[in-house]
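These notes are about the structure you will find just below.
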Amino acid sequence: MKNRSVFLLFLALTFSVYSVQFSSASSNLDNYPVHFVDSMGHRITIATPPQRVVSLVPAITEMLVKLGAADLLVGVTSSATPTPTVNQKALVGSFLHPDVARIYALAPDIIFFSDLQLELLENYEGPAQRICLKQNSIEQGFRHLKILGEMFNKRGRAQSLVGEQKKQIQVILKKTSTIRDEEKLRTLRFMGSTGGQVTVPGDDSFQNEFIVAAGGLAPHFGQRGDVIPITLQQWQEFNPQVIYGCGNRETLLVSLSKEGWRDVIAVQNKQVLTFPCEITCRAASNMGGFIATLSARLYRDYFSDPQNLVVKEQVLRRSPLNVSLAYVEKAEKIETSISDFINKTLLLSFTRPMTILSSLEGWRNNISYVGNHYLPPPSWGLGLKQGVTFLKEHTLKVLGLENSATALLFTGADMDNLAIVEKVYEDMRVIAMVTAGVSGNAVRMSADSGDYYELAGRAKAKKPGTINILLLTNTKLSPRAMTRAIISATEAKTAALYDLDIRSSYTPTTNPATGTGTDNIIVVQGQGPPIDSSGGHTKMGELIAKAVYQGVLEAIGKQNGFTAARSVFCRLKERKIDISTVAKLFSTAENYSSELYKLLLQPKYSGFIEEAMVLGDAMERGLIADNASFLAHCQTTAAEVAGRETSVKPIESTLLSPALGRAFGALLSGLEMREM
């Protein structure tokens, strides 16, 4: 008999009509007032459209962004997922340490908070309505998304988001319904370890609902709550076959390496997975995507078998794009259903066959179509298993194209985040079409190791992340100009990464990235006046570089949310530096993390740390002959924080560059002296 909880979840998702009842005016005076009960049991009335919103809850911030209401945000926490819009908002502290004075100064009319912040907000005496929307289940996440849609007059968008997610989950439930109970995998969400115990979600957590919806077997430890401790005996009795967590996999493996805890099937068989925190820890606007991704990782072989398809593979919709070149007959974004997941393809059709140069496939002649194909996260593992050749053949079959006439690139960056940039000089035009993801496998060439050994065919698994570029001009490029265009484009791409301070995924402490390990480019020969050179001293080279540079900046901003304006907290996270860990490295006797967070909310101290980041990179490369002025700056800053003279105790750790170790040491030394 199938798992009863799966059946109940299927019923809830299939037959639940949007049952949340709102009392609101029917006129288009924006359907206010809106009435609902929040998670604290408080009856909330929204009389007029909110204008100034502070969100202390990353899940709520994410929902507001997805709903298109981010412009109304005036304050967020450092835990909010970065986007170009969110990066412009005032920071009011971390999730666990919001600053009431900063919230008050923003004069919000709405404050979204978590029950974990209730005590801190007792000191808030402003007029803003305080609303708690806590997602304890998948269905509650949908309900709150719809409440936000009502509050911000985004009803249609909210219903669309909910409908898309429910459809994704229904596909997974149907797909895994034929897996026999004895073949389902015992799956556990690892939350952390403390005091010799491991912590996991309680039986009533949405995290275990995710596991069930993905076709896994979730544990039942007889305890409720967001996070509960379990004993070694409970751990071994459940004996998980798959363990997953969020964040750094190396940190997770260290926690699981301890005696007794490592003696379970998942650790023995190396079935320990990690996913981004923003999708594992939130019942928000990406639940369906995460459930699909988790399910595909649990049952990779099953999902790879075409006999297990539940959705017909076909083109779903076509959206035109504006690319005004004489030889481009049509440019479009095409959505397809492939392997039961939504894929997206940028496709350009030529009026006549062209020669192209592809870094993936080399020189190709008589090409009528070029494109860039997006594989969604659930397909990433399937793609690795099946190989690029199969992927291309399969994709082209669904698109109705011939391999001999088509040049295609592949990416994990969503085609909705495509950047199209055109640069013009007199009669010369260059168009760069760029997708970019840099949070998974950004590399520093010349510093990071290459783990694929070609002669033996051995490779370590890498996280996805790719910068793909399609380059077109209104001229006819010679073979020499086409090959030189790759150098001009690559130099511009690296310049963009450097100017954004994108870090190597493997050595982020010391190394800015030069690209990702899977970047590719297609240069189209084009049609028009002949061009024989595209180097740095030519107008063609200049236009290529400027188009690619801007395209990379825009694409990274759309895909990863990394902009120059992102906070120091984001940049530290990209270096795998955690504020609370830094505070503990300085002192195990006192916890200064809350005060350190507050210091970094002040521009002069966040700027001080940002200076140390830049200086650290320069020192690593031997570009600083004498750092005496920096040492003096650290001394002055420590005294300023302390309110009196104090010595600086630098933090020495491989987690920090020497410059950051001294800078953080200065701030924390000042805090320590101030407390005395």
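Here is how the numbers come out for the structure above:
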{"read-out": "Tally of residues being surrounded by 16 or more Cβ atoms within 10 Å (Cβ to Cβ) and either in contact (Cβ under 8 Å) with a residue 60 or more places away in the chain or in a loop (DSSP other than H, G, I, E, B) (or both) across region 322-333", "value": "5"}
{"read-out": "Test: residue in region 374-387 that is over 20 Å from residue 528 (Cβ atoms) and part of a strand (DSSP E or B)", "value": "yes"}
{"read-out": "Region 301-319, residues that are in a loop (DSSP other than H, G, I, E, B), within 23 Å of residue 347 (Cβ to Cβ) and β-branched (Val, Ile, Thr)", "value": "311"}
{"read-out": "So residue 189, is it surrounded by 21 or more Cβ atoms within 10 Å (Cβ to Cβ), of a type in the set (D, E, K, R) and under 25 Å from residue 115 (Cα atoms)", "value": "yes"}
{"read-out": "Unmet requirement for residue 627, which otherwise passes all of (1) surrounded by 15 or more Cβ atoms within 10 Å (Cβ to Cβ); (2) under 35 Å from the mean Cα position of the chain (by Cα)", "value": "(2)"}
{"read-out": "Where a residue in region 403-426 is assigned by the TED database to the domain that holds residue 392 and part of a loop (DSSP other than H, G, I, E, B) and its partner, wherever it lies, is β-branched (Val, Ile, Thr) and buried (at least 21 other Cβ atoms within 10 Å of the Cβ), with Cβ under 7 Å and at least six apart", "value": "412/466; 413/435; 413/466; 418/435"}
{"read-out": "Region 565-585: number of residues that are touching a residue at least 40 places away in the same chain (Cβ under 8 Å) and among the basic types (Lys, Arg)", "value": "4"}
{"read-out": "Breaking point among (1) surrounded by fewer than 23 Cβ atoms within 10 Å (Cβ to Cβ); (2) out of contact with any Ser or Thr (no Cβ under 8 Å at 6 or more places or on another chain); (3) part of a helix (DSSP H, G or I), for residue 135", "value": "(3)"}
{"read-out": "Filtered residue count, region 353-371, keeping only those that are surrounded by fewer than 17 Cβ atoms within 10 Å (Cβ to Cβ), among the hydroxyl-bearing types (Ser, Thr, Tyr) and without any contact (Cβ under 8 Å) to a residue 60 or more places away in the chain", "value": "0"}
{"read-out": "Matching option when the condition is in contact with a Gly (Cβ under 8 Å, 6 or more places away or on another chain), surrounded by fewer than 17 Cβ atoms within 10 Å (Cβ to Cβ) and part of a loop (DSSP other than H, G, I, E, B), among 645, 652", "value": "652"}
{"read-out": "Sole exception among (1) surrounded by fewer than 17 Cβ atoms within 10 Å (Cβ to Cβ); (2) more than 25 Å from the chain's Cα centre (by Cα) for residue 300, by number", "value": "(2)"}
{"read-out": "In region 582-611, the residues that are β-branched (Val, Ile, Thr), out of contact with any Phe, Trp or Tyr (no Cβ under 6 Å at 6 or more places or on another chain) and within 16 Å of residue 650 (Cβ to Cβ)", "value": "609"}
{"read-out": "Answer residue from region 586-616, given it is touching a residue at least 60 places away in the same chain (Cβ under 8 Å) and not in a helix (DSSP H, G or I) and is surrounded by the most Cβ atoms within 10 Å (Cβ to Cβ) among those", "value": "592"}
{"read-out": "Among (1) under 26 Å from residue 497 (Cα atoms); (2) out of contact with any Lys or Arg (no Cβ under 9 Å at 6 or more places or on another chain); (3) not basic (Lys, Arg); (4) not in a helix (DSSP H, G or I), the one test that residue 570 misses", "value": "(4)"}
{"read-out": "Filtered residues of region 138-149 (kept if farther than 13 Å from residue 64 by Cβ and either surrounded by 22 or more Cβ atoms within 10 Å (Cβ to Cβ) or among the charged types (D, E, K, R) (or both))", "value": "138, 139, 141, 142, 143, 146"}
{"read-out": "Long-range neighbours under 6 Å by Cβ, at least six apart or interchain, first residue more than 15 Å from residue 582 (Cβ to Cβ) within region 637-658, second among the basic types (Lys, Arg) and at pLDDT 95 or above", "value": "none"}
{"read-out": "Single condition residue 165 does not satisfy, out of (1) surrounded by fewer than 20 Cβ atoms within 10 Å (Cβ to Cβ); (2) under 23 Å from the mean Cα position of the chain (by Cα)", "value": "(1)"}
{"read-out": "Any hit, region 453-467, residues being modelled with pLDDT of 90 or more and among the small types (Gly, Ala, Ser)", "value": "no"}
{"read-out": "First in region 84-95 and outside the structural domain of residue 602 (by the TED database), second anywhere and part of a helix (DSSP H, G or I) and of a type in the set (Gly, Ala, Ser), Cβ under 8 Å, 6 or more apart", "value": "84/557; 85/70; 86/70"}
{"read-out": "Test: residue 291 is surrounded by fewer than 21 Cβ atoms within 10 Å (Cβ to Cβ), in contact with a helix residue (DSSP H, G or I) (Cβ under 9 Å, 6 or more places away or on another chain) and not hydroxyl-bearing (Ser, Thr, Tyr)", "value": "no"}
{"read-out": "Wholly enclosed helices (runs of 4 or more DSSP H) of region 198-284 bearing at least 1 residues within 28 Å of residue 80 (Cβ to Cβ) and at pLDDT 95 or above", "value": "206-213"}
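Conditions tested, residue by residue: (1) within 27 Å of residue 371 (Cβ to Cβ); (2) surrounded by fewer than 19 Cβ atoms within 10 Å (Cβ to Cβ); (3) without any contact (Cβ under 8 Å) to a residue 40 or more places away in the chain; (4) not assigned by the TED database to the domain that holds residue 407.
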residue	(1), (2), (3), (4)
492	yes, no, no, no
516	yes, no, no, no
521	yes, no, no, no
529	yes, yes, no, no
538	no, yes, yes, no
541	yes, no, no, no
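The values are calculated or read from the model by the stated rules, or taken from the named source; none is laboratory data. Here the structure is a predicted model, which is why all the values come from computation and not from measurement. Ideal geometry is used to build each Cβ from the backbone, glycine not excepted, and the neighbour counts take in all protein chains shown.
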